[in-house]
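The values are calculated or read from the model by the stated rules, or taken from the named source; none is laboratory data. Keep in mind the model is a prediction, meaning the values are calculated, not measured. We place every Cβ from the backbone using ideal geometry, glycine too, and count neighbours over all the protein chains shown. To get the accessible areas, we keep the full protein, side chains included, count just its heavy atoms, and leave off ligands, DNA and RNA. Shrake-Rupley method; radii C 1.70, N 1.55, O 1.52, S 1.80 Å.
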Amino acid sequence: MIRRLGPCRFLAVALSFGFLGAGAPAAHAEMDLFSRRAFAGVVDLRLATADGEKTFVDGGFGKLRYGGDRSGDWRVKAQVADVALIWKPQFSGAFSGLVDVEAQPEQRPSPDLVQSFVVFKPVPKSDFRYSARAGLYWPEISLEHGGPAWTVAETITPSAINAWVGEEVKVLGAEAHVQNRFGGHEIGLTAGVFTDDDTSGTLLSFRGWALHDIKSTAADRFPLPTLSPYMRTKQAPDTRSRRELDNEAGWYARLEWRPPAPFSLNAFYYDNRGDGVSVINKQWSWDTKFWNFGAAARVGDKLHLSSQLMFGRTIMGFPSATGRWVDMKFASAYLLATREIGEDSVSGRFDWFETKDLTTPQDNANEDGWSALAAYRHRLNEHLNLFVEATHIESARPGRLYGAVPAEQNQNQLQASLRISF
Amino acid sequence: MKAQLAILSAIALLVALSPGARAADLTVSVRTAAGKPVADAVIMVYPQAGGAPRPSGTYRMTQHHMMFDPFVMVAPVGAEVSFPNLDTVRHHVYSFSPTKPFELKLYAKGEAPSVKMDKAGIVALGCNIHDAMVAFIRVVDTAYAAKTDAQGKATIHDLPGGVASLRVWHPYSKAKAGETARAINLARDGAAAEGFTLELRAAPEMKHY
Ligand SMILES: [Cu+2]
């Protein structure tokens, strides 16, 4: 029933929660729906060049946002990589909302809704505090993203883990968060239920890991590279990011520990409880489960380290003689080091990623690879940050042969981004 | 002439002998066990002779670049502390400390709501919008209080001589209630020095975006 309402329901659900909040008794001064401060935005002006294979954006197997020309030589691209307009209404002291509409040149439709949620967060009366959120949002997994437009803080390109979170781990859900402090230790627990993330696993299986900053939207489709002859008849040539196909809600939970020391640790578990076989227009319900472990630490005054480790499994299709159509384990990890230099920062990141196909040799989803990245962020003023970034990536994926592309690929990418926030 | 000199001498002697008439300066330096200077430690001296605080001047706890400034503020009982927002974003400052629970609901750049600190103690500050924003106000009921600088030093001027209680507080001190105390005996004039070694727990790691 709910499915027929289309993508507008994301907005509808969030707004109905919002008006619920607005209906609560609130002093007039706390309400701020349409002042200048209730609006924010981000514009990303990008100049990029890359060599190597064709990017997945154009239907290739390339793992970066940009790729080389037909012969694999450097190709230059200038684009407005992102325009985000954000509405942050404050319904009362405890009830707020966020609606994020973005135009990304690679996405169709564009502009489209990217986030839409309401937050209930009363002012704490003691060390115990709680909050809740409902709508279309990313669960808290990424240690790299922040800000109202879910931008990457210190680099242009997020890690393989968080690029995938940006693509296939956004949910239409509701979550509750509780937090307490015991002798300087802070423990936080978040649990959520969600729908509309049944296709999660599709890109990871058919394209593999990737490193880019394109965010999934409410109604978008990501292109898939050339599928194996075995899968071509079963799976559509693209994947819808937000679909509920089997009418089973998924869930996730997150535990965080902040000791009285300059580090924090968290553990996250996700299960979309997909049945693996429900299908509409060749968009399948995948059964995807994963763990994510995160650690952040400060060394001295200026050096920040963060790291995530993710591993999981995704299953799709009916049982066959060789098992399910897709049954794949996936894992990735990164280490990011950022050093503050005045108001600027320099970052280095190493990513490792792997997938292991457990079934059907007719459709090979194996891959392994790594990437190294260096970035510099220069703060020009309150509204302007200039990023420069270099990425090198190497990967081996036998499935590239379905698109007549050699399995082993190396690639380099250079980017400059002027990020304007207002 | 001689009589006048005698009277003047007597007055001078009386002034010199009366408690508090001549003042001492006390410099306290605070370090960690490893010898690193400890900034933002609040030094409080309670002379037996007393000395209630006199709130004067302005007490500003600004919010800038999504941080409170200063991180630690010393304010006398009765001080009116203002909270100017210098950011373009709204802040929602609160404290649930028993010393002064309050809430300054969502206010914008240019606004500077204020709160009267009517009781001595610790007021831990937070912002309901930005969880990483943390600061402390130490409300003191003595006229003789100061906060250590980056060198870990603070000097309190014009202290009356005699026995006094010297207390040192730091938000991250591992001591009970964050406070270390000792009795001192101050000479009537001149300069005195005291040293403290504090064991601090590390500041928590905050999201840096
Ligand atoms: Cu704030």
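Structure notes:
- Residue in the stretch A:359-387 that is surrounded by the most Cβ atoms within 10 Å (Cβ to Cβ), counting only those that are of a type in the set (A, V, I, L, M) and touching a residue at least 40 places away in the same chain (Cβ under 8 Å): A:365
- Residues of the stretch B:66-77 that turn out to be within 26 Å of residue A:122 (Cβ to Cβ) and within 13 Å of the ligand (Cβ to nearest atom), as a count: 3
- Every pair of residues 6+ apart whose Cβ atoms lie under 6 Å, when the first sits in the stretch A:276-304 and is within 14 Å of chain B (Cβ to nearest Cβ) while the second is among the hydrophobic types (A, V, I, L, M, F, W, C): A:294/A:143; A:295/A:265; A:296/A:143; A:297/A:263; A:297/A:305
- Failed criterion for residue A:93 (all others in (1) away from chain B (no Cβ under 12 Å); (2) in a loop (DSSP other than H, G, I, E, B) hold): (1)
- Highlighted here are the strands (runs of 3 or more DSSP E) found entirely within the stretch B:78-181 that include at least 3 residues which are open to solvent by 10 Å² or more (accessible area, probe 1.4 Å), of a type outside the set (A, V, I, L, M) and within 16 Å of the ligand (Cβ to nearest atom): B:102-107.
- Subset of the stretch A:326-363 (residues that are within 14 Å of chain B (Cβ to nearest Cβ) and closer than 17 Å to residue A:208 by Cα): none
- Residue A:79, sole failed condition from (1) in a strand (DSSP E or B); (2) modelled with pLDDT of 95 or more; (3) farther than 25 Å from residue A:238 by Cα: (3)
- Cβ-Cβ under 7 Å pairs, at least 6 apart or on other chains, the stretch B:185-203 side away from chain A (no Cβ under 14 Å), far side charged (D, E, K, R) and open to solvent by 40 Å² or more (accessible area, probe 1.4 Å): B:188/B:22; B:189/B:22; B:191/B:25; B:197/B:31
- The criterion of being modelled with pLDDT under 95 and away from chain B (no Cβ under 14 Å) does not hold for residue A:411.
- Looking across the stretch A:101-127, just one residue is within 14 Å of chain B (Cβ to nearest Cβ), at pLDDT 95 or above and open to solvent by 50 Å² or more (accessible area, probe 1.4 Å), and that is A:120.
- The set of residues in the stretch B:167-182 being over 12 Å from residue B:197 (Cα atoms) and touching a Ser or Thr at 6+ places or on another chain (Cβ under 9 Å) consists of B:167, B:182.
- Any hit, the stretch B:187-198, residues being under 30 Å from residue A:154 (Cβ atoms), touching a His at 6+ places or on another chain (Cβ under 9 Å), modelled with pLDDT under 95 and not charged (D, E, K, R): no
- Take the conditions (1) touching a Gly at 6+ places or on another chain (Cβ under 8 Å); (2) modelled with pLDDT of 95 or more; (3) open to solvent by 20 Å² or more (accessible area, probe 1.4 Å); residue A:314 misses just one of them, which is (3).
- Every residue from the stretch A:216-235 that is under 22 Å from the mean Cα position of the chain (by Cα) and either open to solvent by 10 Å² or more (accessible area, probe 1.4 Å) or on the phi > 0 side of the Ramachandran plot (or both): A:219, A:221, A:223, A:224
- Selection from the stretch B:45-77 of residues that are in a loop (DSSP other than H, G, I, E, B), without any contact (Cβ under 8 Å) to a residue 40 or more places away in the chain and within 14 Å of another protein chain (Cβ to nearest Cβ): B:65
- The stretch A:38-90, subset among the acidic types (Asp, Glu), out of contact with any Phe, Trp or Tyr (no Cβ under 6 Å at 6 or more places or on another chain) and surrounded by fewer than 19 Cβ atoms within 10 Å (Cβ to Cβ), residue nearest to the other protein chains (Cβ to nearest Cβ): A:58
- Residue within the stretch B:131-144 that is at pLDDT below 90, in contact with a His (Cβ under 6 Å, 6 or more places away or on another chain) and farther than 28 Å from residue B:194 by Cβ present: no
- Residue that is farthest from the other protein chains (Cβ to nearest Cβ), among those in the stretch A:247-273 that are of a type in the set (D, E, K, R) and open to solvent by less than 20 Å² (accessible area, probe 1.4 Å): A:271
- Matching residues, the stretch A:143-165, being touching a residue at least 24 places away in the same chain (Cβ under 8 Å) and within 14 Å of chain B (Cβ to nearest Cβ): A:143, A:144, A:147, A:148, A:149, A:150, A:151, A:152, A:154, A:155, A:158, A:162
- Filter result (small (Gly, Ala, Ser), open to solvent by less than 50 Å² (accessible area, probe 1.4 Å) and away from chain B (no Cβ under 14 Å)) within the stretch A:166-193: A:166, A:173, A:174, A:192
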